[in-house]
Amino acid sequence: MTGCEPTLIRKESGAQFSVGDAGDVWFPPFPLNNSYRDQLDVIKSLQMRDDDVILTGFPKSGSHWFYEILNMLLMGKAEYLPRGKAADMIDANSPDQVEGIRSPRVLNTHVRFRYLPREAIEKKTKIVVLLRNPKDVCVSLYNHMKDWLHGGYTGSWQDFFDIYMDTGCSLVHGNWFDTVLDWEQEMAENQHLPIRLASFEEMFKNPVEQILELSKFLELDRSPDLCSQGAERSVASAS
C-alpha cells in the first residue's frame, strides 16, 4: 500500500498522463508511503553530510551520466557504483533510505532551489545544476513518459510538443523554460553558495576538460588521467 494516488491529467486533444500532484510540483507517479505534498517536506527536512553533493536540473538533462561522473570523482576511481541512480534519488525515497546511503553521496533530484534540503543551504552543500538543449530534452522526455509502466503519456508527438512549448502548461516538474529561468535567478541571488551550472553539450564535446572542471569545483584535484578514464567509462550513460 502507498500513501498517495497519482492524478490523471487529461488534455482537450485527448492526450493524457499521470503525475504525483504535490501542488507546485508534479512528480512522476512513483509510489510513496506518504502523500506527494508531504514528500516536499521530506526533501526539505533531509539531513546533509559535509561531503554530500546535490545533482539537480530538469528531467532528461543528463542526470544518469553526470551521476556516474560525480561518483567516479568522489570515489577517486573510474568505476560504476553497485547501486543505481534511483537509490540516491531523494524525490522518491524516505529519510531512512537516504540516511542509509553510504558516503560520499550524490543526492539527485529534479526539484528547484526552493525545495532543496534546508541544511544544503545552511551547510553550503555543493550543488550541480544540469542544463541541456531544450529540443533534446523534449524528445527524450516524450520517449521517457511514453515508456512509464503506469500512467505513461498517451497521445501524439505533436500534442506532447505543444504541451512542452506552452509556458502555461506543465509536464513532470513543471516547464523547462520556467525551470531554467528560475535557476538563473536563484544563482544570481545566491552567489555565496557553491552552485555550478553543468552543460550536457559541453560535457559531450569536451568530456575530460569538463570533468576536470567538476573536480576543481568539488575541491578534489583529481588527475587528468583519472578524468580521462572517467570520460571513457561514463560515455555509455550519455543518453
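What to note about this one:
- Any hit, the range 54-63, residues being of a type in the set (D, E, K, R), free of Cβ contacts under 8 Å to residues at least 60 places away in the same chain and part of a loop (DSSP other than H, G, I, E, B): no
- Those residues of the range 181-203 which are buried (at least 18 other Cβ atoms within 10 Å of the Cβ) and either without any contact (Cβ under 8 Å) to a residue 24 or more places away in the chain or part of a helix (DSSP H, G or I) (or both), in sequence order: Trp183, Phe200, Met203
- Applying the condition of being among the hydroxyl-bearing types (Ser, Thr, Tyr) and in contact with a Cys (Cβ under 7 Å, 6 or more places away or on another chain) to the range 23-48 and asking which residue is nearest to Lys123 (Cα to Cα) yields Tyr36.
- Failed condition for Gln47, given (1) surrounded by 14 or more Cβ atoms within 10 Å (Cβ to Cβ); (2) of a type outside the set (Gly, Ala, Ser); (3) modelled with pLDDT of 95 or more: (1)
- Residue satisfying condition, being at pLDDT 95 or above, over 23 Å from Leu131 (Cα atoms) and not in a loop (DSSP other than H, G, I, E, B), within set Phe66, Phe17: Phe17
- Residue within the range 166-179 that is within 20 Å of the chain's Cα centre (by Cα), among the small types (Gly, Ala, Ser) and assigned to a loop (DSSP other than H, G, I, E, B) present: yes
The values are calculated or read from the model by the stated rules, or taken from the named source; none is laboratory data. Worth saying up front: this structure is predicted, and the values here are computed from it rather than measured. Ideal geometry is used to build each Cβ from the backbone, glycine not excepted, and the neighbour counts take in all protein chains shown.
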